[in-house]
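> Have a look at this one before I ask anything.
The values are calculated or read from the model by the stated rules, or taken from the named source; none is laboratory data. Just so it is clear, the model here is predicted, and its values are computed rather than measured. Cβ atoms come from the backbone with ideal geometry, glycine included; neighbour counts cover every protein chain shown.
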């Protein structure tokens, strides 16, 4: 169940990261509330994940999911750079996430 919570926490991180520019420095109410809700939800789900996944592993995977998801959002929705080397670097982050999943053992 910990990995399920961790993936959801990472998805919530993508939502708040994508919304953050729309807050205009947290001066716009609705985008700021949206962002705050997903920040809180992401932290809560991450805390649930750390009940059974070591905190170092959980945090690294959480950041990785957020980074890759937000990068994909930036490339697809915002027209950000999609150069070969940038995509390779994100692939390395993904390889690290998969590697951590493969070598990690959940506590029971």
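> Say whether the condition of being surrounded by 15 or more Cβ atoms within 10 Å (Cβ to Cβ) and either over 17 Å from the mean Cα position of the chain (by Cα) or more than 15 Å from residue 11 (Cα to Cα) (or both) is met by at least one residue in the stretch 59-69.
no
> Has the stretch 77-93 got at least one residue that is in contact (Cβ under 8 Å) with a residue 24 or more places away in the chain and either buried (at least 17 other Cβ atoms within 10 Å of the Cβ) or part of a loop (DSSP other than H, G, I, E, B) (or both)?
No, the stretch 77-93 has no match at all.
> Shifting gears a bit: Can you confirm whether residue 39 is surrounded by fewer than 20 Cβ atoms within 10 Å (Cβ to Cβ) and over 22 Å from residue 91 (Cβ atoms)?
The answer is yes for residue 39.
> May I pose another question? Examine the stretch 43-51 for a residue that is surrounded by 14 or more Cβ atoms within 10 Å (Cβ to Cβ), outside any helix (DSSP H, G or I) and at pLDDT 95 or above, and state whether such a residue exists.
Checked against the condition, which is being surrounded by 14 or more Cβ atoms within 10 Å (Cβ to Cβ), outside any helix (DSSP H, G or I) and at pLDDT 95 or above, the stretch 43-51 yields at least one hit.
> Output the qualifying pairs, or none if there are none: Cβ atoms under 7 angstrom, residues six or more apart or on different chains, first residue in the stretch 23-47 and over 17 Å from residue 8 (Cβ atoms), second residue part of a loop (DSSP other than H, G, I, E, B).
Between residues of the stretch 23-47 that are over 17 Å from residue 8 (Cβ atoms) and residues that are part of a loop (DSSP other than H, G, I, E, B), the close pairs are 32/26.
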